[in-house]
Amino acid sequence: MRIRIVTIFPELFGPFLETSLVGRARQEGLMEITVHDLRDFTDDAHKSVDDEPYGGGGGMVMTAPPWLAAVRALAAGGGAWRVLLSPQGRRLDDAKVRELAARDDLLLLCGRYEGVDERVRRLAVDEEISIGDFVLSGGELPAMVLAEAVSRQVPGVVGLQDSVVNDSFRRGLLDYPHYTRPREVEGHAVPAVLLSGHHAKIEAWRRRQALAATLEKRPDLLATAALDARDRRELAAIAAEIGRELPLAGGDPSPRT
Ligand code: 4GX
């Protein structure tokens, strides 16, 4: 998997690329992630990348020529999928992350100011992606979010324990609560079942907690979560207990695989 990032602030990426999951993935040769300075693709002495908007209105707009030169140089050969991070984009979610990971060669374009000249989008961008409905100052943090999420989908990047338990088994539900030492914190004890050593009971408790958390905090996720008959019985019981309507009726009846 290769990810290239174009930005006017390459220094923002230093520790991100060196540290933790992404750093290890690069060191082990599982990922190739590089950062490229947009100003290297300017052709004036001032290395300028922005100008006033036609039509007025204030703010600055990133000019097209450096972007077109950068994308042409970096995506030559046509293999890379070119993504512009922007609040106008489609919202990033788990399905989109998996789809991008499967592309294998990504070019992430990080805009600043009011955005980029519309002709960049038209001529040099395959897809616009947003990480959420809020406004940031640039596409750099969204690019890191996307790069980290995509890296986790590359085989070998995330350790076995994490991938197997986290992704396949509970896919589509919120997480269950986690506890570690000490056994008591300010009068709050660890649930006894977790100390019982009874693995089947622990699994059942965790599944129930995940179902309850999802019903309470993100009932919308239940429509697409992979639920078996036992999950549905549990959910009905939890819903009755907390006096809540089950949002399953009308949802997609086929659990995702
Ligand atoms: N999810 N921003 C990008 C400048 C910009 C605007 C339009 C290209 C086109 C954001 C987000 C986000 C702020 C990054 C505006 N560049 N990006 N920037 N939320 O808010 O992705």
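The values are calculated or read from the model by the stated rules, or taken from the named source; none is laboratory data. Everything quoted here is computed from the prediction, not taken from an experiment. A quick note on method: Cβ atoms are made from the backbone with ideal geometry, for glycine too, and the neighbour counts reach across all protein chains shown. Areas reflect the complete protein model, heavy atoms only, side chains present, ligands, DNA and RNA absent. Shrake-Rupley method; radii C 1.70, N 1.55, O 1.52, S 1.80 Å.
Residues in segment 103-129 that are out of contact with any Pro (no Cβ under 8 Å at 6 or more places or on another chain) and open to solvent by 80 Å² or more (accessible area, probe 1.4 Å) were compared, and the one that is farthest from the ligand (Cβ to nearest atom) is Asp104. May I ask you to verify whether Ser151 is surrounded by 21 or more Cβ atoms within 10 Å (Cβ to Cβ) and either touching a residue at least 24 places away in the same chain (Cβ under 8 Å) or near the ligand (Cβ under 7 Å from one of its atoms) (or both)? So Ser151 passes the test. On the basis of being of a type outside the set (D, E, K, R), touching a helix residue (DSSP H, G or I) at 6+ places or on another chain (Cβ under 7 Å) and under 16 Å from Val125 (Cβ atoms), does Leu74 make the cut? It is false that Leu74 is of a type outside the set (D, E, K, R), touching a helix residue (DSSP H, G or I) at 6+ places or on another chain (Cβ under 7 Å) and under 16 Å from Val125 (Cβ atoms).
Over 14 Å from Ile5 (Cα atoms) and in contact (Cβ under 8 Å) with a residue 40 or more places away in the chain: is that true of Asp51 in this structure? The answer is no for Asp51.
Yes or no, residue by residue, for (1) open to solvent by less than 70 Å² (accessible area, probe 1.4 Å); (2) closer than 30 Å to Arg24 by Cβ; (3) modelled with pLDDT under 95; (4) among the hydrophobic types (A, V, I, L, M, F, W, C):
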| residue | (1), (2), (3), (4) |
| --- | --- |
| Val135 | no, no, no, yes |
| Leu146 | yes, yes, no, yes |
| Arg181 | no, yes, no, no |
| His198 | no, no, no, no |
| Trp205 | yes, no, no, yes |
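Against the list (1) farther than 30 Å from Ala95 by Cβ; (2) open to solvent by 40 Å² or more (accessible area, probe 1.4 Å), the condition Val190 fails is (2).
Of all residues in segment 71-102, those being more than 15 Å from the chain's Cα centre (by Cα) and away from the ligand (no atom under 14 Å from the Cβ) number 10.
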